[in-house]
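**Q** Before we start, here is the structure in question, set down as structure tokens.
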């Protein structure tokens, strides 16, 4: 029996604003406090607008590249500047535009589509946005210091090591991008939890809008796909800052290790970009065809299989690096295979189109553009999956053409469709259909003129990333036409920007459900109220606005549903069973706060100070971060009460147990941490397997200390389990004691792991450096366990925890089990090495 | 467990089988073809075939015996088929390659 079954009624209001109406409680803060907003609608729009600003900057850089290549022998940009321009173009597009803007749409739309008043961790959303903003500013500020990165958007080593890139340019990239990626990972955890835990009553997984399936799979992919790059970036920065030799072949390092880690992230990233955009297409198409999506089940299967299989393709970016033919064949087969789930989605879209007469509005034009361009990009992708062809086309403009067909066709065209489709929801006004059609045709013609010709340019042998070329190679006219095409494409985007600003004052008022859509974000007249729903209606189908006529018959605020009024003066939404969608709990949501912004700013200070080698300021930033997170978590618990939410439901607030939204978020976080850990283990095994001679020169771990760590790790796992048990049994005193035990075992485990490596020189071999990197990573996790345990203990001693409020201990138990298992795995590997010898 | 819960599992298990198989094949190839040469080609083929047979059966099973619900029935059957095919695709190099090459 969980605590939720035992909760008691009480009349206290925790951090509430009693006496206020729902409108007042959910009102957007004004003045300076607008920056403290945690609303998903505000945060989502900030992601979208900031991402679009990066898109415009990156697009301008692309125009500089094309202008440089317009004629042979051009001197418009010198070679150094050209390198910086194309590097920043790729970096901004891939890291600071594509993923954040799609996440912005997801953050904005998912709660409205699913019938929630907000995401379940609004402060995490604000924190992620500021990490993204500050990280982006750090990367862009490199231009001000004449230190813009110039090593290409994938920052290959050894080019990006100190020997070949002295100065700070690579550091700006590594620190800024890693920082910005925190936003993607936090958004992923937040979206997974929101989709699984906060849906309207009755919205089972099979009744979710298809967009939510796409975002759910994408979020899991981010949680697993981003960590290899985070680890790669940290290792490379450690290489540059501390001269740890992870990539130095002279001591058993390998530059291909960077490529593996980068592309373990980089290839899934293509699908991370494509899937949300395809989800937008799958949402927009049925609206304009007037029929439900064809093959919902087919698409779910295709999206899930694509999410998995896309992790098996990374080495097809490394076909020319000398990998064994057998490996190339494996990755070639997997790369070909991914065409099947992609094709299923395309055929489902075509099937939807075939079901009815299509209204060819501007969003639909962009959807049709997506189908045309993306299919061509997919076909050249299958060509490049073939090893012999790949060897011929490698690093040529053919690849540039392919990736732009996939990314612009697969993401930018759907994105513009999404803008035209959902802008009325943002602003309450329609963008111009007439101008929109001009925008589409300019972009469509401009895009194909620019990039279709690049296939030919590449097949004629022009390598990518050359700053200029001699005349007479057959590239002149193709480059001229590509550049002219890019200007047409840019004109289309400029016209879109004009139309956006024009519509803010002169666009026709959109009203309620202007496109006749079936999904819940259109329930209210645009712009919807800040809390999305006065009462959250039960949902019976995937297109509730089509299939439940009562929703659209009267005023939206009069629709019947759960949580029709305010409880305890708090912001709240209804939480559900992850599978069935049955109401499970009331989720209490935070009110506006500056704390996440302060925390992100502290990390930004630490990151910038690292660049400036001002290590006292790094320390200050780290302490600020710790204070920020502590303030964040130090607040009265909301669990332990039940509330009548209407329609016959009496639900506990913030349920304690496995189905708690916070526990699901902890599991999601553990997924990210284990992906980081697995990336380090991959590096360890890769170097051990590839360089036996250097492995033999690495000092073996000390058996005694390693065995001790193994035992301590196992005890930590056991303590975590017991802590969860005490939490469920609401034994606060026993849990306090166990908090101290967990803290102590965390310290002991760290000490034993460090002692185990006393004979291993991190500068002696790459393998030794990697072993130390693993220990440092595990120790960081143990420090979190220690801090968390002491934090929970302090909360109990100061009376912050009452009966039925042991969720933090339950979550700590899960985290401690995960951290303990990391100690066991690490110690187990070290013990095997110590007993058998590393040779 | 509810019918829908069983369907979600049936959708997920073939995916996990594919992931396990891919990691197994990649690990075996790395064990055979990296400088350390932990295993030889015959053992690579034997273990690879065993992994393919085992994971292939696990992956295709939900398509042969789908759970009783019909909410995600199509997705379960199609997903299982895709992953079983992917497992076969990934094992193909073991069949037609005589050595590591390269």
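**Q** Compute the FRET efficiency between residue A:491 and residue A:156 as 1/(1 + (r/R0)^6), taking r as their Cβ-Cβ distance and R0 = 25 Å, and round to the nearest 0.05.
**A** Working: r = 34 Å, r/R0 = 1.38.
Plugging the Cβ-Cβ distance into 1/(1 + (r/R0)^6) gives 0.15.
**Q** I've got another one for you. Between the stretch A:400-435 and the stretch A:545-615, what's the alpha-carbon centroid distance in Å?
**A** Here the answer is 26 Å between Cα centres.
**Q** Compute log10 of I(q)/I(0) for the stretch A:297-342 with the Debye formula, placing one identical point scatterer on every Cα and leaving out solvent, at q = 0.17, 0.31 Å⁻¹, to two decimals.
**A** -0.49, -1.05
**Q** Which whole-number percent gives the relative contact order of chain A, counting Cα pairs below 8 Å spaced six or more residues apart?
**A** Relative contact order for chain A comes out at 17 percent.
**Q** When only Cα pairs under 8 Å and 6 or more residues apart are kept, what is the percent relative contact order across the stretch A:233-379?
**A** 27
**Q** Beta carbons within 10 angstrom, averaged per residue: use that to sort the peptides A:649-661, A:49-61, highest first.
**A** A:649-661, A:49-61
**Q** Convex hull volume of the Cα atoms in the stretch A:27-83, per residue, in Å³?
**A** That works out to 109 Å³ per residue.
**Q** Counting partner chain Cβ atoms within 10 Å of every residue's Cβ in B:79-89, what's the average? All intermediate terms of the calculation are to be shown ahead of the outcome.
**A** Numbers: counts 10, 2, 3, 12, 7, 0, 3, 11, 1, 2, 11.
That works out to 6 on average.
**Q** Tell me, how many Å apart are the Cα centres for the stretch A:195-234 and for the stretch B:10-55?
**A** Value for the Cα centre distance between the two parts: 28 Å.
**Q** Provide the packing ranking of B:57-68, A:668-679, i.e. peptides ordered by the mean count of other C-beta atoms within 10 Å per residue, highest first.
**A** A:668-679, B:57-68
**Q** Give me the one-decimal Kirkwood hydrodynamic radius in Å for the stretch A:31-178, with the sum taken over alpha-carbon pairs. Spell out each step's value before the answer.
**A** On the way: mean 1/r = 0.0598 Å⁻¹.
After inverting the pairwise mean of 1/r, the radius is 16.7 Å.
**Q** If we sort A:300-308, A:315-323 on the protection proxy, mean other Cβ atoms within 10 Å, highest first, what's the order? Don't jump to the answer; show the numbers that get you there.
**A** Values: A:300-308: 26.0, A:315-323: 18.3.
Packing proxy ranking, top to bottom: A:300-308, A:315-323.
**Q** While we're looking at this one, here's another question. Averaged across the residues of B:32-43, what count of C-beta atoms belonging to other chains lies within 10 Å of each residue's C-beta?
**A** Mean number of neighbouring Cβ atoms from other chains: 3.
**Q** Another question about this same structure. Given a Förster radius of 35 Å and the C-beta distance between residue A:635 and residue A:582 as r, what FRET efficiency does 1/(1 + (r/R0)^6) yield to the nearest 0.05?
**A** E between residue A:635 and residue A:582, to the nearest 0.05, is 0.75.
**Q** Report the full-extension gain for the segment residue A:794 to residue A:20: residue separation times 0.36 nm, less the Cα-Cα distance, to one decimal in nm.
**A** Working it through step by step, the gained length comes to 275.4 nm.
**Q** Which residues does a label at residue A:509 reach in the stretch A:543-557, if reach means a backbone N under 17 Å from a point 7 Å past the Cα toward the Cβ?
**A** Correct set: A:555-557.
**Q** Using the alpha carbon gyration tensor of the stretch A:686-836, what are the three equivalent-ellipsoid semi-axes (square root of 5 times each eigenvalue), largest first, in whole Å? Each step should come with its number before you reach the end.
**A** Values: eigenvalues 255, 30, 25 Å².
With the √(5λ) rule applied to the stretch A:686-836, the semi-axes are 36, 12, 11 Å.
**Q** How big is the protein assembly as shown by the Kirkwood estimate over distinct Cα pairs, in Å? Before the final figure, lay out each step's value.
**A** Working: mean 1/r = 0.0345 Å⁻¹.
About 29.0 Å for the protein assembly as shown.
**Q** Bin all alpha-carbon pair distances of the stretch A:252-325 at 5 Å intervals from 0 and give each bin's fraction as a whole percent.
**A** Histogram of Cα-Cα distances, whole percents per bin: 3, 13, 19, 17, 13, 11, 9, 7, 5, 3, 1, 0, 0.
**Q** Roughly what would the spin-label model give for residue A:741 and residue A:360, points 7 Å off Cα along C-beta, in nm?
**A** So the two model labels end up 7.2 nm from each other.
**Q** Please find the FRET efficiency linking residue A:33 to residue A:473, where r is the Cβ-Cβ separation and R0 is fixed at 56 Å, and quote it to the nearest 0.05.
**A** On the way: r = 60 Å, r/R0 = 1.08.
E between residue A:33 and residue A:473, to the nearest 0.05, is 0.40.
**Q** Only counting other Cβ atoms within 10 Å, I'd like A:798, A:593 sorted with the fewest neighbours first. Each step should come with its number before you reach the end.
**A** Numbers: A:798 9, A:593 19.
Least to most surrounded, the residues fall as A:798, A:593.
**Q** Something else about it: Tell me the relative contact order for the stretch A:488-642 as a rounded percent, counting alpha carbon contacts under 8 Å between residues six or more apart.
**A** 12
**Q** By what distance, in whole Å, do the Cα atoms of the stretch B:3-94 stretch along each of the three principal axes, largest value first?
**A** The principal-axis extents, from largest down, are 50, 17, 14 Å.
**Q** Given the DSSP H assignment, sum -39500 (n - 2.57) over each helix run of at least 4 residues in chain A and divide by its residue total; what's the result at 222 nm in deg cm²/dmol, nearest 500?
**A** Values: 27 runs with 529 residues, N = 839.
Helices in chain A give a 222 nm mean residue ellipticity of -21500 deg cm²/dmol.
**Q** Could you work out the mean count of beta carbons from other protein chains within 10 Å of each residue's beta carbon in A:317-323?
**A** That works out to 1 on average.
**Q** Give the separation of the Cα centroids, the stretch A:716-789 to the stretch A:37-56, in Å.
**A** 38
**Q** What number results when the radius of gyration of the stretch A:42-506, computed over Cα atoms, is divided by 2.2 N^0.38 Å?
**A** 0.95
The numbers here are math on the coordinates, done by the rules we state, and not lab data. Predicted model only: the values in this text are computed from it and were never measured. Note that each Cβ is placed from the backbone with ideal geometry, even for glycine, and that neighbours are counted across all protein chains shown.
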